[in-house]
Amino acid sequence: MNFGGGGATSKSAPDCDLTISHSEDNDILSPKNLKRTCLEYFYEKMIRHSELASKSVETKSKRDFMPLPGDPKAINVNKNRLRLGGRSDQPSRNAAFTMAEVLITLGIIGIIAAMTLPSLIANYQKKVLKEQFKVAYSLIQQAFVRVVANLEYTPECYYWLNSPYKTVCIEWDKFGHCTKSGMADGSPKPADISGRFGDCELFRETFEKNIQVIGHCRGSDEGCIPDYEGYDTVLQNNSDTEMSDDEAFSLSGGCTAYRKSEIQRRSYVYILKNGMILIPFQKNNFALFLIDINGKKGPNKWGYDLFSFTTKANYGTPLVPAGGLCMVAEKGGLTTTEMIEQMNRK
């Protein structure tokens, strides 16, 4: 019996002669001129087939069949082993996720989304409102600059930026809130104890021309303004203990025009070109006003999109939009002063 195409011939076994040839191009795993008797050959072949059959059962792949030494395919198999880091078995092309695994993964993603989305939405809304606050503040500030430029002086319609007077409380109500103040030295209170307001009507007329007012309505008109809470009701809602109507009424004594019952019947509500709503404390008093930075859109809450601005200045100084008077933030919101501080942070 002869295999191959030339080469030396081995010693003959009974009734059999085996020759396995080797060319210089064959794999080094095939010994050159390897000679075996028929018995040795068939015994080795039987062992090899047994090993290959066992491996085939384990991998369940016909691709794992290893050619005999001398077969040119052996070279390709060895090269593939090197590419795969010593492994000849490759992942099945039919491997995929089961339906159960997909459903479990989708369920986990859904749970994570349900936990994080509310927070992400809330943070996004806060960011949007902060940007709208910046727009409102810039609009007011530019209008103040134009008012001074138009009049060529600072009109007297402002609260003190830095008060020249020192006052003390001289009367309290039954709840312990100050209801009357006086000079610290006991002298009579001057007329401008809080600020100067002699030019407020002129200031309003000039301010209207520079703030881009496109119309106005009464608070009691249907659809004029949203259903805002009042300064008094916000105080009640924010209180950790139950606050009576009498106490809330007393606390809001200096901000009567912004009590809930009063806001809804304001005689003058200004609608701006960009949709913002401006509510002055009094018709001719723009030294104190509310502004809804996104108009009728929600949430229409104090400290979120509704803020109180106070016009402040000193003798001859520029007018400054500031926070302070009649400002209270609903739970989770920020005061006008806090919003301005955040806006100015780098």
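Annotations
- When you filter the GluC sites (Glu not before Pro) in region 174-277 for DSSP loop state and at most 10 other Cβ atoms inside 10 Å of their Cβ, you are left with GLU222, GLU242.
- Applied to region 288-298, the Karplus parametrisation 6.51 cos²θ - 1.76 cosθ + 1.60 on θ = phi - 60° returns per-residue 3J(HN,Hα) values of 8, 7, 9, 9, 8, 6, 10, x, 7, 5, x Hz, with x for Gly and Pro.
- Measure of compaction for region 107-198 (Cα Rg per 2.2 N^0.38 Å): 1.96
- Alpha-carbon centroids, region 315-339 and region 129-201: separation in whole Å: 11
- In this simple spin-label approximation, ILE111 and THR179 carry label points 7 Å from Cα along the Cα→Cβ vector, and these lie 6.0 nm apart.
- Looking at region 240-302, the chymotrypsin sites (Phe, Trp or Tyr not before Pro) that sit in a DSSP loop and have at most 16 other Cβ atoms within 10 Å of their own Cβ are TYR268.
- Extension gain, LYS130-SER239: 0.36 nm per intervening residue step, less the Cα-Cα distance, totals 36.7 nm.
- Extension gain, ASN314 to GLU330, is 2.7 nm, computed as 0.36 nm per intervening residue step minus the present C-alpha separation.
- Relative contact order for region 126-344, counting Cα pairs under 8 Å that sit 6 or more residues apart, in percent: 23
- Computing FRET efficiency as 1/(1 + (r/R0)^6) for ILE214 and VAL145, where r is the C-beta to C-beta distance and R0 is 25 Å, gives about 0.75.
- Where labels lie 7 Å past Cα in the beta-carbon direction, separation of GLU205 and THR256 in nm: 2.8
- Between SER138 and LEU103, the contour length at 0.36 nm per residue exceeds the Cα-Cα span by 7.5 nm.
- Loop-located trypsin sites (Lys or Arg not before Pro) in region 228-285, at most 15 other Cβ atoms within 10 Å (DSSP): ARG265, LYS273, LYS283
- Calculated SAXS-style log₁₀ I(q)/I(0) at q = 0.16, 0.17, 0.18 Å⁻¹ - region 126-344, Debye, Cα scatterers: -1.18, -1.32, -1.44
- Computed from label points 7 Å out along Cα-Cβ, the spacing between ASN344 and ASN274 is 2.0 nm.
Where a number appears in this text, it was derived from the coordinates with a stated rule and is not lab data. Quick caveat: nothing in here was measured; it's all calculated off a predicted structure. Neighbour counts run over all protein chains shown; Cβ positions are idealised from the backbone, glycine included.
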